[in-house]
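Engineer: One structure, as structure tokens, below. Some questions next.
The values are calculated or read from the model by the stated rules, or taken from the named source; none is laboratory data. This one's a predicted model, so the numbers in the text were calculated from it and none came from an experiment. Cβ: placed from backbone, ideal geometry, glycine included. Neighbour counts: every protein chain shown. What goes into the accessible areas is simple: the full protein's heavy atoms, side chains included, and nothing from ligands, DNA or RNA. Shrake-Rupley method; radii C 1.70, N 1.55, O 1.52, S 1.80 Å.
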Amino acid sequence: SQQGEEDPQALSIQEGENATMNCSYKTSINNLQWYRQNSGRGLVHLILIRSNEREKHSGRLRVTLDTSKKSSSLLITASRAADTASYFCATDAAGNNRKLIWGLGTSLAVNP
Amino acid sequence: DTAVSQTPKYLVTQMGNDKSIKCEQNLGHDTMYWYKQDSKKFLKIMFSYNNKELIINETVPNRFSPKSPDKAHLNLHINSLELGDSAVYFCASSQVRGGYTFGSGTRLTVV
């Protein structure tokens, strides 16, 4: 079953701009994870944020988590053409058997 | 130093054939997974093993059978391949409640 829903489905921006993607989910979670998938490649883990954390940074990436709204956002600052990829959120739902629940992804295009 | 490696990268085969995809991880992770990604990029969990024990077995046809000879390996065997099996299959591994490390995928095309 799908839990995460990313918004928007597709995003096109210019190099240097910031990109914000959102993820909503339905049940209580242990953690929420963001992944990147370049065309024709495997998924790459970006950031894991635990349910008791509100914000996390990694380089140009900033992830926030609002458990009261069951939502998360991924901000990529000063985007580059190399950031062009699909971005997925996945939730590790509380009480489940370690099965991540995946969204359908946001397709980001960064134009030079 | 590939962390999760799966072979082959591409697999083109005729309907009705049997094929296997192999996966190995050198991260010391306890859990390994098989995912199927369709043309719309939706990721669907198929199987998961923890220390050679099957812990997730989603609703997939019986033609799909995973095998984990040890915790570093998880292979996927598919019998009587059908056109609808065409997809990209990803292997992944993780520690408990941790991020996943994915392989680069096997693009299966059934003709």
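Engineer: Considering each of B:N51, B:N57, B:N79 in turn, give the residue that is at pLDDT below 95, surrounded by fewer than 19 Cβ atoms within 10 Å (Cβ to Cβ), touching an Asp or Glu at 6+ places or on another chain (Cβ under 6 Å) and more than 8 Å from chain A (Cβ to nearest Cβ).
Structural biologist: On the way: B:N57 fails: touching an Asp or Glu at 6+ places or on another chain (Cβ under 6 Å); B:N79 fails: at pLDDT below 95.
It is B:N51.
Engineer: List the strands (runs of 3 or more DSSP E) that sit entirely inside segment A:1-91 and contain at least 1 residues that are touching a Cys at 6+ places or on another chain (Cβ under 6 Å). Lay out the reasoning, then the answer.
Structural biologist: Details: elements: A:5-7, A:10-14, A:19-24, A:29-37, A:43-50, A:55-58, A:61-66, A:71-76.
Here the list reads A:5-7, A:19-24, A:29-37, A:71-76.
Engineer: For segment A:71-88, give me each residue that is more than 26 Å from B:G103 (Cβ to Cβ) and touching a strand residue (DSSP E or B) at 6+ places or on another chain (Cβ under 6 Å). Don't jump to the end; show me each part of the working.
Structural biologist: Initial filter on segment A:71-88 (more than 26 Å from B:G103 (Cβ to Cβ)): A:71, A:73, A:75, A:77-79.
Passing the criteria: A:S71, A:S73, A:L75, A:S79.
Engineer: Still on this structure, please answer the following. Consider segment B:83-107. How many of its residues are more than 10 Å from chain A (Cβ to nearest Cβ), among the aliphatic types (A, V, I, L, M) and either in contact with a Pro (Cβ under 9 Å, 6 or more places away or on another chain) or open to solvent by 50 Å² or more (accessible area, probe 1.4 Å) (or both)?
Structural biologist: The number of residues fulfilling the criteria is 1.
Engineer: If you don't mind, there's one more thing I want to ask. Considering only segment A:1-52, how many residues are within 14 Å of another protein chain (Cβ to nearest Cβ) and more than 16 Å from A:A90 (Cα to Cα)?
Structural biologist: 6
Engineer: Could you list, ordered by first residue, the pairs with Cβ atoms under 6 Å in which the first is in segment B:7-27 and over 25 Å from B:K52 (Cβ atoms) and the second is of a type in the set (D, E) and modelled with pLDDT of 95 or more, at least 6 apart or interchain?
Structural biologist: Correct list of pairs: empty, since none qualify.
Engineer: Next question. Quick one: count up the residues across segment A:57-80 that are open to solvent by 40 Å² or more (accessible area, probe 1.4 Å) and of a type in the set (A, V, I, L, M, F, W, C).
Structural biologist: Qualifying residue count, segment A:57-80: 1.
Engineer: Take the residues in segment B:29-48 that are over 13 Å from B:Y100 (Cβ atoms) and within 7 Å of chain A (Cβ to nearest Cβ); name whichever of them is modelled with the highest pLDDT.
Structural biologist: B:F42
Engineer: Could you run through segment B:31-48 and say how many residues are open to solvent by 70 Å² or more (accessible area, probe 1.4 Å) and either more than 20 Å from B:T109 (Cα to Cα) or not in a strand (DSSP E or B) (or both)?
Structural biologist: Residues in segment B:31-48 being open to solvent by 70 Å² or more (accessible area, probe 1.4 Å) and either more than 20 Å from B:T109 (Cα to Cα) or not in a strand (DSSP E or B) (or both): 3 in total.
Quick grid of which residues meet (1) over 10 Å from the mean Cα position of the chain (by Cα); (2) without any contact (Cβ under 8 Å) to a residue 60 or more places away in the chain; (3) under 18 Å from A:Y25 (Cα atoms):
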| site | (1), (2), (3) |
| --- | --- |
| A:H57 | yes, yes, no |
| A:V63 | no, yes, yes |
| A:A78 | yes, no, no |
| A:A90 | no, no, yes |
| A:A94 | yes, no, yes |
| A:L100 | yes, no, yes |
| A:L104 | yes, no, yes |
| A:N111 | yes, no, no |
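Engineer: For B:F102, only one of the following conditions fails: (1) farther than 20 Å from A:L46 by Cβ; (2) at pLDDT 95 or above. What is its number?
Structural biologist: Every condition holds for B:F102 apart from (1).
Engineer: Related question: Whether any residue in segment A:32-44 is open to solvent by 20 Å² or more (accessible area, probe 1.4 Å), of a type in the set (A, V, I, L, M) and modelled with pLDDT of 95 or more is what I want to check. Give the derivation first.
Structural biologist: Going through segment A:32-44, the residues open to solvent by 20 Å² or more (accessible area, probe 1.4 Å) turn out to be A:36, A:38-41, A:44.
Keeping just the survivors that are of a type in the set (A, V, I, L, M) gives A:44.
Next cut, modelled with pLDDT of 95 or more only: A:44.
Yes, the conditions are met somewhere in segment A:32-44.
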